[in-house]
Amino acid sequence: MQFSKIVSTIFLWILCSGGSVFSQMSSKTNDLNVLSYELLLSTDMSNERFTGTVNISFLISPEAREVVFDCGNLQITEITGSKVAGFTQKNKKVIISLNSRDKTENHIQITYSGSPSHGIVFIPKSQSIYTVFSTSQWMVCNDSPNDRATFKIELSIPNGSLCIASGVLKNTSNKGDKTQYSWVQDYESPSYTYGFAIGPFNKFQETHGKISLNYYSTNHTLEQLKTIFRPTGEIIDFFEAKSGIPYVQSSYSQILIGNHYQEMSGFSVLKESYGELVMNDSTETNLISHELAHQWWGNMITCEDWNHFWLNEGLATFMSAAFNEHKFGKHKYESDIDSYRKVYESVKNKGKDKSLVFDDWLNPTREDRNLVYFKGAYVIHLLRMELGEKDFWGGIKFYSQEYFGKSVNTLYFQKAMEESTGRDLSAFFNKWINKTEG
């Protein structure tokens, strides 16, 4: 791909995926540990609104007098639970006063409604809905990427439409002119990985080993969907080999919809027009592989807070280039890496280079986002050159297996690469990651 084409694609990618997930900065409060969310959600397409009831099970320190959840711009109408004394909403959070705490699990039920400007997208023209970035704009939750929980969602949708959500589809039942879908994710992941999409989609389905692969769009034929997402199985094989970890779910879905790119547990949404790019150029698979890479690096091996966000995005961006090398040859890989280097150098030349470990991620700029994606990917490439093939890929596999299903920071990544290779990498990390060059 020509550099100009790469730049236009990746900047579009950043703009389309630069939503409020990048500015979320929520830390644990009173050692809050959510165990599970169970959500019943009803959507109103004509008014672009929804109502929901979420049951939250959680642990919290015995001395805590309150528990705090993120709630975006939701309107909370009721909170019940044997320990609940009352609640207030302030600064996109709900503060729930507690009479006492259980030493084991605590349970509360929150009823709410909303019509937010982001986090959930209504497309009346195609009668479609999808979530993107900000889970707390459609479900009361803990935004912290360090808090992992199981997730269940039930949605009633019009007959003739399909529903895709995080987890595994457990049940569908007909209720007059609507169908109720029940999806369950029985492994823990951060709340930002939860989501759903609803619409009168065309669906192409195929199997890859034991994995059901599902491709959706309202504007593409089944044959086009098959063509667009043809490399998906090969991408899964590549990431399984590099991580040493099988894909965690029994299905993976990709949905061409709206104007965003976003990974969620077990599925991804990609901008509707992206399909045409792939059909015009079969090597234009970076975004398919990037979002799929997050099923390992991001969703399951997650930065413990957004200051270490580069561990999610830099690794996924690098892995998309690595797959291109595997699929299309070294020239394609080098072209990708060169484009990432040029984006990084453009930021550096503006005097806006920063450590990949941010002091805070409250108000990231476009340059900050480019750093975590493209400087991050370029630095992973430099680490590959520093270590050589055997040690580098051995280190990636060790890191992935050591921290799969866990939250990490940059020091964890450094120590994993050092332990795997037997090398002191402090000079490399201090130059390229912990500080700005020079």
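For region 97-105, state whether one or more residues are free of Cβ contacts under 8 Å to residues at least 24 places away in the same chain and either loosely packed, with under 14 Cβ neighbours inside 10 Å or among the hydrophobic types (A, V, I, L, M, F, W, C) (or both).
yes
When you go through (1) in contact with a Leu (Cβ under 9 Å, 6 or more places away or on another chain); (2) surrounded by fewer than 22 Cβ atoms within 10 Å (Cβ to Cβ) one by one for G176, which number turns out not to apply?
It fails just one condition, (1).
How about region 410-438: which of its residues are surrounded by 16 or more Cβ atoms within 10 Å (Cβ to Cβ) and within 22 Å of the chain's Cα centre (by Cα)?
T410, Y412, F413
Scan region 356-380 residue by residue and report those that are among the polar types (S, T, N, Q) and crowded, with 17+ Cβ neighbours inside 10 Å.
Listed by number, the list holds a single entry, N370.
Could we say that N159 is more than 15 Å from the chain's Cα centre (by Cα) and either within 23 Å of N299 (Cα to Cα) or surrounded by fewer than 20 Cβ atoms within 10 Å (Cβ to Cβ) (or both) here?
yes
Residues are listed down the side, and each one gets a yes or a no for (1) assigned to a strand (DSSP E or B); (2) touching a residue at least 24 places away in the same chain (Cβ under 8 Å); (3) β-branched (V, I, T):
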residue: T43; (1), (2), (3): yes, yes, yes
residue: I56; (1), (2), (3): yes, yes, yes
residue: P62; (1), (2), (3): no, yes, no
residue: G72; (1), (2), (3): no, yes, no
residue: E78; (1), (2), (3): yes, yes, no
residue: A85; (1), (2), (3): yes, no, no
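Looking only at strands (runs of 3 or more DSSP E) that lie completely in region 147-241, which have at least 2 residues being more than 19 Å from I129 (Cα to Cα) and not assigned by TED's automatic domain parsing to the domain that holds D305?
Where strands (runs of 3 or more DSSP E) fall fully within region 147-241 and carry at least 2 residues being more than 19 Å from I129 (Cα to Cα) and not assigned by TED's automatic domain parsing to the domain that holds D305, they are 148-158, 168-175, 178-190, 202-208, 211-217.
Can you list residue pairs whose Cβ atoms sit under 7 Å apart, with the first residue in region 330-343 being at pLDDT 95 or above and the second being of a type in the set (D, E) and assigned to a helix (DSSP H, G or I)? Count only pairs 6 or more apart in sequence or on different chains.
Cβ pairs passing all conditions: K332/E325; Y333/E325.
Scan region 59-79 for residues that are aliphatic (A, V, I, L, M) and over 16 Å from T111 (Cα atoms) and report the count.
4
Pull up region 229-271, narrow it to residues that are free of Cβ contacts under 8 Å to residues at least 40 places away in the same chain and among the small types (G, A, S), then point me to the one that is nearest to S191 (Cα to Cα).
Restricting to residues being free of Cβ contacts under 8 Å to residues at least 40 places away in the same chain and among the small types (G, A, S), the top hit is S268.
Here's a check for you: in region 381-409, which residue that is touching a residue at least 12 places away in the same chain (Cβ under 8 Å) and among the basic types (K, R) is surrounded by the fewest Cβ atoms within 10 Å (Cβ to Cβ)?
K406
Would region 199-209 turn up any residue that is modelled with pLDDT of 95 or more, more than 20 Å from I255 (Cβ to Cβ) and surrounded by fewer than 18 Cβ atoms within 10 Å (Cβ to Cβ)?
Yes: one or more hits.
Could you tell me whether any residue of region 294-303 is surrounded by fewer than 17 Cβ atoms within 10 Å (Cβ to Cβ) and closer than 25 Å to I129 by Cα?
no
Listed residues K125, K152; which is free of Cβ contacts under 8 Å to residues at least 24 places away in the same chain and not small (G, A, S)?
Matching residue, one of K125, K152: K125.
Are any residues in region 214-231 under 27 Å from P124 (Cα atoms), surrounded by 14 or more Cβ atoms within 10 Å (Cβ to Cβ) and not small (G, A, S), and if so, which ones?
Those that are under 27 Å from P124 (Cα atoms), surrounded by 14 or more Cβ atoms within 10 Å (Cβ to Cβ) and not small (G, A, S): N214, Y215, Y216, T218, N219, H220, Q224, L225, K226, I228, F229.
Kindly evaluate Y252 against the criterion of being among the hydroxyl-bearing types (S, T, Y), part of a loop (DSSP other than H, G, I, E, B) and within 20 Å of P231 (Cβ to Cβ).
no
The values are calculated or read from the model by the stated rules, or taken from the named source; none is laboratory data. The structure presented is a predicted model; accordingly, all values stated were derived computationally and were not measured. Glycine gets a Cβ as well: all are built from the backbone with ideal geometry, and neighbour counts include every protein chain shown.
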